[in-house]
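First comes the structure, then the notes that go with it.
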Amino acid sequence: MVTDPCPTCRGTGTEHRNRSVKVRLPAGVEDGQRIRVKGKGAAGRGGGPAGDLYVIARVGRHATFGRKGRNLTLAVPVGFAEAVLGTTLTVPTLDDPVTLRIPAGTPSGRTFRVKGRGVPAGKKAAAGDLLVTVEVDVPAELTDEQRAAVEALAEVIASLERRLHACNSTRCAEGLDQVCQGCIGDIGIQLSR
């Protein structure tokens, strides 16, 4: 027993003090993941080896990307005409940008997968994917010319749907991909006005 203990350690032989420790974070570290740093913990009792230090990772938000596990998420706005007619977009990744083809008729909310462009992984796992979600940007205000064009398109679509529903052909009843020759003629006449 120590009769006159040190005021700092109170006779234990160890003292508490703060120190900086460099920690190497593995690729693809997740929020809340516990990382062990061997031998950097508290001093051992009776001159024994130091324990391990455990660091809890906190991953902040990224300005461009969201994250779901190893996958990165990205919302990309496209115009109405681009969604209807199709387009090619250049989207950012953590490395170099990639080209993404948006097919004609893409609805708002559709997600495209770019393989291997997500969160990088360590040696044991594959990198995640980039999930690109298309958001169709509908204009809040239209010029008179734009309004007339959209109204004309709406009339053509409504007329086509009325004709297809009125047709008694079983091929037309199965959908637009197999329209009968009579309706094709009617559609051609309607579209050529």
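The values are calculated or read from the model by the stated rules, or taken from the named source; none is laboratory data. Note that the structure is a prediction, hence the values are computed from the model and not measured. All Cβ positions, even for glycine, are placed from backbone atoms using ideal geometry, and neighbour counts span all protein chains on display. Areas reflect the complete protein model, heavy atoms only, side chains present, ligands, DNA and RNA absent. Shrake-Rupley method; radii C 1.70, N 1.55, O 1.52, S 1.80 Å.
Per-structure values
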{"quantity": "Unmet criterion (only one of (1) under 15 Å from the mean Cα position of the chain (by Cα); (2) open to solvent by 30 Å² or more (accessible area, probe 1.4 Å); (3) at pLDDT 90 or above) for Arg101", "calculated": "(1)"}
{"quantity": "Residue list for segment 49-63, filter: open to solvent by 70 Å² or more (accessible area, probe 1.4 Å) and among the β-branched types (Val, Ile, Thr)", "calculated": "Ile56"}
{"quantity": "Near pairs, Cβ below 8 angstrom, 6+ apart or cross-chain, from segment 111-124 (assigned to a loop (DSSP other than H, G, I, E, B)) to any residue that is surrounded by 10 or more Cβ atoms within 10 Å (Cβ to Cβ) and of a type in the set (Asp, Glu)", "calculated": "Lys115/Asp129; Gly116/Asp129; Arg117/Asp129; Gly118/Asp129"}
{"quantity": "Top-ranked residue of segment 104-121 - restricted to ones that are under 21 Å from Leu25 (Cα atoms) and open to solvent by less than 40 Å² (accessible area, probe 1.4 Å), ranked as modelled with the lowest pLDDT", "calculated": "Ala121"}
{"quantity": "Pair list, Cβ < 9 Å and 6+ apart or interchain, from segment 35-46 residues that are at pLDDT 85 or above to residues that are outside any loop (DSSP other than H, G, I, E, B) and surrounded by fewer than 14 Cβ atoms within 10 Å (Cβ to Cβ)", "calculated": "Ile35/Tyr54; Ile35/Ile56; Arg36/Tyr54; Val37/Tyr54"}
{"quantity": "Of residues in segment 86-98 being polar (S, T, N, Q) and touching a residue at least 12 places away in the same chain (Cβ under 8 Å), the one least open to solvent (accessible area, probe 1.4 Å)", "calculated": "Thr93"}
{"quantity": "Hits in segment 22-71 - residues which are among the aliphatic types (A, V, I, L, M), within 29 Å of Gly128 (Cβ to Cβ) and outside any strand (DSSP E or B)", "calculated": "Val23, Leu25, Ala27, Val29, Ala57, Val59, Ala63"}
{"quantity": "All positions within segment 66-85 that are open to solvent by less than 50 Å² (accessible area, probe 1.4 Å) and without any contact (Cβ under 8 Å) to a residue 12 or more places away in the chain", "calculated": "Gly66"}
